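Each value in this text was obtained by applying a stated rule to the coordinates, not by laboratory testing. These figures come from a predicted structure and were not determined experimentally. Neighbour counts run over all protein chains shown; Cβ positions are idealised from the backbone, glycine included.
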Amino acid sequence: MALARGLVSNIAFEQAIGNFAFSLYNKVPKDGNEVLSPYSITTALLMLMLGTDGTTKNQMMSSMYLHTLPTNVHFNYKRLELKLTRKAKKGASLLVANRLYGSNAFSSYKDKVRRYYGSAMKLMDFTGQREKSRKSINDWIAGKTNNKIKNVIKKKMIDASTALVLVNAIYFKGSWDAKFDQTKTKRETFRVSQHVRKQVYMMNAIYNVKSGRNTALNCKILQLHYSGKRLSMIFILPNDANGLKKLESKLSLNTFKNILGGLRTQKTVIKVPKFKIETGYDLIPILKARGMTNIFNRRLANFKNMANVNRSLYVSTAVHKAFIEVNEEGTEAPRSTVVLPKRGGKKDFFQFTANHPFIFAIRDNLTGTIIFMGRVVNP
């Protein structure tokens, strides 16, 4: 009976962080190409939540859709992370690494973070060695992300008032289950906007994959698996070349599940551009828009479960940086194996031609967790 309750509660937890993933994407300012890792942001916030109490904690729980869960959300997270990272699949791997930088004043909090999030604490002198501290943190992040995420902590972010720096790094590398033939990649026209067109390298293939249409969202959908088929990338393409914003306004966890549920395996002519995106965000306005305000307020923030210190603790900086590259081999894939598409008449095949702005997501197929999410406007 206890096992059944635990299973149900973890499903509820996975759904909650799924809702939070889409709410984060909806709040991100969108000017062009975008990529973020909702899972990475969620992990950092949950680590922070361990030190909160009172209204501050309740705000965080509510903003992240966790307030109705009857069980320990940190235990739920640990169970989810084990599902995601315990058995690395050949050709697709996911690394999640957490670390705290601070003083011995945080010893009890440090132990709780280690228990649930596997985080070590490194002692830092933020007062006397600000630049050395900043470089050390940035070097650790770069090392955990294959040197793709650099310079997250900018100059002047760390000063004499800094008490604790909490870092979450996430790195994903995947090879397509069925790779694109590099010799078939060619320059084709991509419609950036109503008046702007450009030539981009478009990958081409014909595969038996999951694809389909959704009339309610007026879009086409393509799902491509990574090697091992545990993780996949979903492309959501509005039928209207100028319909990206309208599509985004309708996107939620429920609509996302609906469009995936309507896919079927069929021969599909695939045209998808190669792209590389790196973006950085100030999370403070994004999280405030979700109702998470107390943690940033010196007077109202309640971090009494974090440390016994003679000063008020609050969050002064919250940044997120993400990188993604998609090519014929997959996402950040180094090998060169090529699988040729099957032959056959194209006229009866489903056509998926991403020659105008679209949305993408990298998803764990077992739990439904959104690892990365973004949009391509200008490949």
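Which one, LEU66, TYR116, ASN378, is farthest towards the positive end of the dipole of the chain when Lys and Arg carry +1 and Asp and Glu -1 on their Cβ?
It is ASN378, whose Cα lies furthest towards the positive end.
Using DSSP H assignments, which helices in the chain have an axial alpha-carbon span of 20 Å or above and a mean Kyte-Doolittle hydropathy of -1.0 or higher? Intermediate results must be reported in sequence, preceding the final value.
Working: long enough: 2-27 (37 Å, 0.48); 130-144 (22 Å, -1.55).
Span-like helices, by this rule, are 2-27.
Return the Cα extents of the range 239-319 along principal axes one, two and three, sorted largest first, each rounded to a whole Å.
That works out to 65, 28, 23 Å along the principal axes.
Quick check for me: using +1 on Lys/Arg Cβ and -1 on Asp/Glu Cβ, what's the dipole size of the chain about its Cα centre, in debye to the nearest 20?
Using Cβ point charges on Lys, Arg, Asp and Glu, the chain gives about 500 debye.
Just how large is the dipole of the range 62-202 about the Cα centre, in debye to the nearest 20, putting +1 at every Lys and Arg Cβ and -1 at every Asp and Glu Cβ?
Rounded to the nearest 20 debye, it is 480 debye.
Taking the Cα-to-Cβ direction at SER252 and at ALA216 and moving 7 Å from each Cα, how far apart do the two end points lie in nm?
1.0 nm
When N counts the residues of the chain, how does its alpha-carbon radius of gyration compare numerically with 2.2 N^0.38 Å, as a ratio?
Against the empirical 2.2 N^0.38 Å value, I get 1.03 for the chain.
Could you compute the net charge surrounding ARG197? Neighbours are other residues with a C-beta less than 13 Å from the C-beta of ARG197; K and R count +1, D and E count -1.
In short, +2.
Per the helix-only calculation at 222 nm, which mean residue ellipticity applies to the chain, given -39500 (n - 2.57) for every DSSP H run of n ≥ 4 and division by its residues, nearest 500 deg cm²/dmol?
Value at 222 nm, helices only: -9000 deg cm²/dmol.
Over the range 94-170, what is the relative contact order in whole percent, taking alpha-carbon pairs under 8 Å and six or more residues apart?
This gives 43 percent for the range 94-170.
Could you give each residue of the range 267-277 its phi-based ³J(HN,Hα) in whole Hz, using Karplus coefficients 6.51, -1.76, 1.60 with θ = phi - 60°, and x for Gly or Pro?
After applying 6.51 cos²θ - 1.76 cosθ + 1.60, I find 5, 10, 7, 10, 10, 9, x, 6, 7, 9, 9 Hz.
Which whole-Hz couplings ³J(HN,Hα) result when phi for each residue of the range 191-206 is put into the Karplus expression 6.51 cos²θ - 1.76 cosθ + 1.60, θ = phi - 60°, listed in order with x for Gly and Pro?
Working through the residues one at a time gives 8, 5, 8, 4, 10, 10, 10, 8, 8, 10, 7, 9, 7, 10, 6, 10 Hz.
Percent antiparallel among DSSP beta bridges with both residues in the chain, to the nearest 5? Please report the intermediate quantities before stating the final value.
Values: 66 of 74 bridges.
If I count the DSSP bridges inside the chain, around 90 percent turn out antiparallel.
Which percent of Cα-Cα pairs in the range 46-130 sits in each 10 Å bin, short to long?
15, 37, 33, 14, 1
State, in angstrom, two size descriptors of the range 80-236 derived from its alpha carbons: Rg to one decimal place and Dmax to the nearest whole number.
21.9, 60
Output the relative contact order of the range 216-294, whole-number percent, from Cα pairs under 8 angstrom with separation of 6+ residues.
The normalised contact order for the range 216-294 reaches 21 percent.
In percent, how large is the relative contact order of the chain, given Cα pairs closer than 8 Å and 6 or more residues apart?
Answer for the chain is 25 percent.
Output ³J(HN,Hα) for the range 295-301: one whole-Hz value per residue in order, computed from phi by the Karplus curve 6.51 cos²θ - 1.76 cosθ + 1.60 with θ = phi - 60°, and x for Gly and Pro.
Once rounded to whole Hz, the list reads 4, 9, 9, 4, 7, 9, 4.
Quick one: which residues, 5+ away or cross-chain, put their amide H under 5 Å from the amide H of LYS304? H built at 1.01 Å from N.
Long-range HN contacts for LYS304: ASP53.
Give, rounded to the nearest 20 debye, the magnitude of the charge dipole that the range 274-327 has about its Cα centre when Lys and Arg contribute +1 at Cβ and Asp and Glu contribute -1 at Cβ.
In debye, rounded to 20, the range 274-327 gives about 240.
Taking H placed 1.01 Å from N in the peptide plane, check which residues at least 5 places from ILE371 or on another chain put their amide H under 5 Å from its amide H.
Hits under the 5 Å cutoff: ILE362, ARG363, ASP364.
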